[in-house]
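Shown next, in structure tokens, is the structure this report addresses.
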Amino acid sequence: MSGLRERKKQATRDALMSAALLLTLERGLENVRIEDIAAEAGVSPRTFSNYFSSKYEALAARHTDRAEHQVAALRTRPAREPLWQALTEATVQAWELHAGSQDTVPEPERLAATRLLADEPSLQAEGLKLAFASQRELAVAVAERTGSDPGSDLYPHLVAVTVTAAVQATVGHWLHADPPVPIVPLLRDALRQLAAGLPDPSTRGDT
């Protein structure tokens, strides 16, 4: 019974996130109210408040979900798998849940609307807050995998911040790619370059 209840709660949360995004892309962020999101999802404003404190949080919640899935996936990767390979697969898996397969190309109209949304200062602030929280969780998972201490060792925090920055850079590149491209291969390539130590591309072919 508890499993069914949890699935219903997750379905309501997903419906609210989807409604927030749909209405914002259609009307613009300033023209969307909590009441509108609740109505679109078929629930009351009070129910909305049980899940999110604001429309900004509802819009940024997919970041939280991806981060949680990334950490959970990292913890289930084979123990003998190299760290950066495990991080890459866990991160890609989290993004594939929302972005589709590695061949999924976004529609130009939706991509243009998403670019406008990404430039909203209020959403940028919410995203930054969530990024800091997710980095801490990722650092703990990296520490567990590497036998380091997140309370005293710098390494797991450096890894978490670097992975987060790579994801942010990838998303920025993806949003402005012309023609549009799938995000998953970009993300995999970004993490591959990190794992290789970010070699200087101008020295390729040097002997």
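The values are calculated or read from the model by the stated rules, or taken from the named source; none is laboratory data. Values in this document were obtained by computation on a predicted structure and should not be read as measured data. Here the Cβ is made from the backbone with ideal geometry for all residues, glycine too, and neighbour counts use every protein chain on show.
Just to be sure, is V181 of a type in the set (A, V, I, L, M, F, W, C), closer than 20 Å to Q85 by Cβ and either in a helix (DSSP H, G or I) or under 20 Å from the mean Cα position of the chain (by Cα) (or both)? For V181, the condition - of a type in the set (A, V, I, L, M, F, W, C), closer than 20 Å to Q85 by Cβ and either in a helix (DSSP H, G or I) or under 20 Å from the mean Cα position of the chain (by Cα) (or both) - is not met.
Scanning region 163-207 for residues that are polar (S, T, N, Q) and not assigned by TED's automatic domain parsing to the domain that holds A139 yields a count of 3. Take E30 and tell me if it is without any contact (Cβ under 8 Å) to a residue 40 or more places away in the chain, under 28 Å from Q193 (Cβ atoms), charged (D, E, K, R) and in a helix (DSSP H, G or I). No, not satisfied.
The condition of being touching a Leu at 6+ places or on another chain (Cβ under 6 Å) and among the small types (G, A, S) holds for only one of A166, A112, that being A166. Taking region 151-163, which residues are free of Cβ contacts under 8 Å to residues at least 60 places away in the same chain and crowded, with 19+ Cβ neighbours inside 10 Å? Selection gives P156, A160. Of all residues in region 1-38, those being small (G, A, S) and more than 22 Å from R110 (Cβ to Cβ) number 4. Consider R75 carefully, then state whether it is without any contact (Cβ under 8 Å) to a residue 60 or more places away in the chain and either of a type outside the set (A, V, I, L, M, F, W, C) or part of a helix (DSSP H, G or I) (or both). For R75, the condition - without any contact (Cβ under 8 Å) to a residue 60 or more places away in the chain and either of a type outside the set (A, V, I, L, M, F, W, C) or part of a helix (DSSP H, G or I) (or both) - is not met. A count restricted to region 1-45 and to residues that are surrounded by 12 or more Cβ atoms within 10 Å (Cβ to Cβ), of a type in the set (S, T, N, Q) and farther than 23 Å from D119 by Cβ stands at 2.
A79 meets each of the listed conditions (1) modelled with pLDDT under 95; (2) more than 13 Å from R145 (Cβ to Cβ); (3) of a type in the set (G, A, S) apart from (2).
Could you tell me whether region 137-154 includes any residue that is assigned to a helix (DSSP H, G or I) and polar (S, T, N, Q)? Yes, there is a match, as at least one residue in region 137-154 is assigned to a helix (DSSP H, G or I) and polar (S, T, N, Q).
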